[in-house]
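Reading through the C-alpha cells given below for one structure.
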Amino acid sequence: MTSSELWTRATAERYDAEETETSSAAVLGPTLTFLSELAGVGRALEFAIGTGRVGVPLREHGVPVVGIELSEHMAAVLRRKIDEDMLPVVIGDMATTVVPGEFTLVYLVYNTITNLLTQDEQVECFRNAARHLEPGGRFVIELGVPPLRFLPPGQVAVPFDVSKQHLGFDTFDLVEQTLVSHHFTRDGDDGHYRRDNSRHRYAWPAELDLMARIAGLERERRVADWDGAPFTQDSAKHISVWRKPT
C-alpha cells in the first residue's frame, strides 16, 4: 500500500485550471522536446500521469505513451482528453505497478517522486522504472532542490508563491526529511481563500543517484531545466537522467 496521498474528485476537477502556467506552450515546449528526444522511436511510460498535462501532448507529439496513475479521479479527467487506445492508463501506484512491455523512456515530472513518503518507496520507484526499461533506456525525474538554505535557525517555513490568487509555503521537518506544502487559493472575487495541504518526502540529487545505483541505473545527465541549462549550486530544481546499461 503506497503512502502517497490520494487525489480527490474535487482536486482532480480543478487541477487543470490551477495549472495553466505549467501547461503553457512556453513550459511544455522544452519539456516535450527533451522527453521525445530521449524516447526516440520507442515507447514512453509516465509515472503518476495525472490529468495528462505532459502525457497527452507528448502522445500528440508522436511518442506512444502509457501511464500509471494512483487516483481514478485524475485518470478520469485525462480520459476526457484522449481515448484509452491512444493513451492507456493503469490505475495503481508508481512504486510497484507493472504494465506490459518495455520502454525506451520512463519519466516522473513536477516533484512527484516526493509523493512517496518513505525512502524505501522511493527506492522501489526507481526499481520499478528499471524494471520497465529496455537496455539503454532512460529514467527521467524533474525535482526541486530542497530550499533549506532559506531556513535560518528557528524558522520552519519557506514561501514559494505569493500572488493575488495564491499563497503557498512549505513547512519542514528536518529530522524526518519531510515537508508539508500549504496552499491558500482565492476562489472568485469574494475575498475567500480555500486552504489545501499535501505531504512530501524531499530528496537530494545525490540521494537519488544512490537510489538509481541500487536499481542498477547509471546517471547520464543532470541539468537545471528542460532547456538544458547547467545545474549549479544555485539551481532551484534539476532534471536528472539515468540510463539502464546495455
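Key figures
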{"item": "Lys/Arg +1, Asp/Glu -1 at C-beta; the chain dipole; positive extreme among His238, Ser3, Val66", "result": "His238"}
{"item": "The range 102-227 shape via C-alpha gyration tensor axes, a/c threshold 1.5", "result": "prolate"}
{"item": "Simple spin-label estimate for Thr246 and Arg131 in nanometres, 7 Å along Cα-Cβ", "result": "2.6"}
{"item": "Cα-based shape type of the range 1-100, given that a ≥ b ≥ c are square roots of the gyration tensor eigenvalues and the cut on a/c is 1.5", "result": "oblate"}
{"item": "Electrostatic dipole magnitude of the range 195-246 [Cβ: Lys, Arg +1; Asp, Glu -1; Cα centre; debye, to 20]", "result": "240"}
{"item": "Residue among Ile141, His182, Phe169 farthest towards the positive dipole end of the chain, charges placed on Cβ", "result": "Ile141"}
{"item": "Charge-dipole axis of the range 1-155 as Lys and Arg at +1 and Asp and Glu at -1 on Cβ define it, positive-most pick from Ala12, Gly50, Tyr107", "result": "Tyr107"}
{"item": "Unit charges on C-beta of K, R, D, E only; dipole of the range 152-200, Debye", "result": "40"}
{"item": "By average C-beta atoms within 10 angstrom, highest first, the peptides 66-72, 21-27", "result": "66-72, 21-27"}
{"item": "Global form of the range 9-57, assessed from the alpha-carbon gyration tensor, a/c cut-off 1.5", "result": "oblate"}
{"item": "Probe 1.4 Å, protein heavy atoms only - accessible area per residue of the range 118-246 in square angstrom", "result": "55"}
{"item": "Dipole magnitude of the range 11-105 about its Cα centre (Cβ charges: Lys, Arg +1; Asp, Glu -1), debye to nearest 20", "result": "120"}
{"item": "Under Karplus coefficients 6.51, -1.76 and 1.60, residue-wise ³J(HN,Hα) of the range 231-238 in Hz, glycine/proline x", "result": "7, 10, 5, 9, 5, 7, 8, 9"}
{"item": "For the chain, the Rg and Dmax computed from alpha carbons only, in angstrom", "result": "17.7, 59"}
{"item": "Full-stretch length increase - Arg80, Ala157 - with 0.36 nm per residue and alpha-carbon distance subtracted", "result": "23.9 nm"}
{"item": "Per-pair calculated FRET efficiency, R0 = 22 Å: Ser198 and Leu148 via Cβ, rounded to 0.05", "result": "0.70"}
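The values are calculated or read from the model by the stated rules, or taken from the named source; none is laboratory data. Everything numeric in this text was worked out from a predicted model, so none of it was measured. Backbone-built Cβ (ideal geometry, glycine too); neighbour counts: all protein chains shown. With ligands, DNA and RNA removed, areas are computed over all heavy atoms of the protein, side chains included. Shrake-Rupley method; radii C 1.70, N 1.55, O 1.52, S 1.80 Å.
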